[in-house]
Amino acid sequence: MKGKKMDQNNPYEMAVKQTENVGKLLGLDQELIDFLTKPQRELTVNFPVRLDDGRVRMFTGFRVQHNFARGPCKGGIRYHPNVSLDEVRALAMWMTWKCAVMGIPFGGAKGGVICNPKEMSQGEIERMTRRYVTEISMIIGPQKDIPAPDVYTDSQTMAWIMDTYSMNRGYMIPGVVTGKPLEIGGSKGRDEATSRGLMYVIREAAKVKNIELKGATVAIQGYGNVGWHAARLLHQEAGCKIVAVSDSKGGITSRNGLDPIKVYEHKQKTGSVQNMEGADNITQEDLLETECTILIPAALENVIRKDNANKIRAEIIAEGANGPTTPEADRILFDKGIMVIPDILANAGGVTVSYFEWVQNLQFYFWSLDEVKSRLLQMMTEAFETVYGIARSQNVDLRTAAYMLAMKRVARAMELRGFYP
Ligand code: NAD
């Protein structure tokens, strides 16, 4: 990346830049930085899927494993038309840092298939999933790399992944994937885990910023797994007022506050949050620029950039999505005094409960919902406190602090293991 201007729209370049910057700050050797900015293993697969009308279409998918120093790799699988190898690389790298920030014994991975699930039938998505998993099955497994849900994949997708992998081995192997339905080895609390973790760190951030969460206003971009559960939990458990939400079709706002459950039902019925009674339609840009206490990007990457960061009117940004803020935007937000709780901390509740699910699968012993919630609370609070402490002592933003903590832990693991042979 040296001497070349960073492409703001390329998440991998962004991830490399963030890693290089913190690597230098930590005084890591250039050799180590080079190692840490390159995924250890990348697999591209091209495979056929029979469509409902009898035709066969080729699909392309990826699985990238960024770093194995601290344990098997872990990371979601995304189905989206814009999936690219560089996007998957960035997401895999962020997973490494996320697991390290949380102190859970995993490295980072990510997968994706270039497809538009909205235009496919359930049968086509199932056949595509089963073939994709078969293609990558030589590099995944409970001790190697454990996938999970991400954009446009859900517990049903995870059930097919578990079944396909198990059928090919001849016995049930629940620990190969997390985010499964409860009936086949899923963990209680996994569906809302990312958003519950998000709420826990928002609570900590509000404490240090002296913000009363009861009645605080919240705007959320994206109303999928992360966005909708965040809206529900912040409304029900923290007393916040949800003033704007959006999805891929556009957004809605209401200064009196939206009822998250009604919005969810409306989206289920009509396919979008827009055109809801009692709310006004707004654009994606309007949503990000909404005056609010907490802004939660919970859709895709690169949405808060140099060109719109100045227009943001929130006190706290909690990154539900991975990579929603570019490094240029980070600087602008820091100067404006807006606290950004970075993705690798803010949305780590998902991978943390995935880790709980994996542990339960390996032991064939399941925890109660209260156990899941209280362990998650403890880990999220501890991670926030550690990151916040570094930010204060080093006078850096929370993202830099989280990267410093994560990279130090990964670098130490690599140092201890040495460079084989
Ligand atoms: P999802 O598929 O359940 O939901 C995605 C949502 O984003 C949908 O509501 C969709 O309509 C909306 N969306 C898509 N394009 C948009 C656009 N251009 N503008 C506004 N909204 C748009 O996905 P998810 O699991 O909720 O993931 C959302 C983000 O959170 C991703 O960045 C993902 O990597 C991250 N994340 C997810 C988890 C998890 O446990 N699911 C964990 C950590 C991080």
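I'd like the Kirkwood hydrodynamic radius of the stretch 40-171, using the inverse of the mean 1/r over distinct C-alpha pairs, in Å.
Values: mean 1/r = 0.0677 Å⁻¹.
Evaluated over the stretch 40-171, this radius sits at 14.8 Å.
Assuming R0 = 30 Å, what is the FRET efficiency of SER84 and GLN143, from their Cβ-Cβ distance, to the nearest 0.05?
E(calc), rounded to 0.05, equals 0.55.
Just add up the charged neighbours of LYS180: K/R +1, D/E -1, any other residue whose Cβ is under 13 Å from the Cβ of LYS180.
Net of charged neighbours comes to -3.
Quick one: which residues, 5+ away or cross-chain, put their amide H under 5 Å from the amide H of ARG78? H built at 1.01 Å from N.
GLY111, GLY112, VAL113
Give me the extension gain from GLU371 to ASN210: residue separation times 0.36 nm, minus the current Cα-Cα distance, reported in nm with one decimal.
Gain on stretching GLU371 to ASN210: 55.0 nm.
Give me the number: length gained by fully extending ASN275 to GLN378, i.e. 0.36 nm times residue separation minus the C-alpha to C-alpha distance, one decimal in nm. The partial results should precede the final answer.
On the way: separation 103, 0.36 × 103 = 37.08 nm, distance 3.98 nm.
My answer for the length gained is 33.1 nm.
So what's the net charge close to ALA279: Lys and Arg +1, Asp and Glu -1, counting the other residues with Cβ under 11 Å from its Cβ?
Counting the neighbours of ALA279, the net charge comes to -1.
Which order do peptides 332-342, 254-264 fall in by mean Cβ count within 10 Å, highest first?
Descending packing order for the listed peptides: 332-342, 254-264.
Using the Cα atoms as the points, what is the convex hull volume per residue of the stretch 193-346 in Å³?
Here the figure is 92 Å³ per residue.
Would you please put 15-22, 222-229 in order of how densely packed they are, using the mean number of other Cβ atoms within 10 angstrom per residue and starting with the highest?
Ranking, from highest mean packing down: 222-229, 15-22.
Rank by packing, highest mean first: peptides 155-161, 26-32, with packing defined as the count of other Cβ atoms within 10 Å averaged across residues.
Per-residue Cβ counts within 10 Å, averaged per peptide and sorted highest first, yield 155-161, 26-32.
Work out the FRET efficiency for ASP335 and ILE114 from their Cβ-Cβ distance, taking R0 = 22 Å, and round it to the nearest 0.05. Spell out each step's value before the answer.
Values: r = 38 Å, r/R0 = 1.71.
With R0 = 22 Å, the Cβ-Cβ based efficiency is 0.05.
What is the distance, in nm, between label points placed 7 Å from the Cα along the Cα-to-Cβ direction at GLN236 and at THR386?
Placing both labels 7 Å beyond Cα along the Cβ direction yields 3.0 nm.
Bin width 10 Å, alpha-carbon pairs only: give the P(r) of the chain as whole percents, running from 0 to the bin holding the largest distance.
Percent of Cα pairs in each bin: 5, 23, 33, 27, 11, 1, 0.
For ARG255 and GLU31, calculate 0.36 nm times their separation in residues minus their Cα-Cα distance, and state this gained length in nm to one decimal.
That works out to 75.4 nm of additional length.
A short reminder: the numbers here are calculations on the coordinates, not readings from a lab. Treat the numbers as computed from the prediction; the structure is a model and nothing was measured. Every residue, glycine as well, gets a Cβ built from its backbone with ideal geometry; the counts of neighbours run over all protein chains shown.
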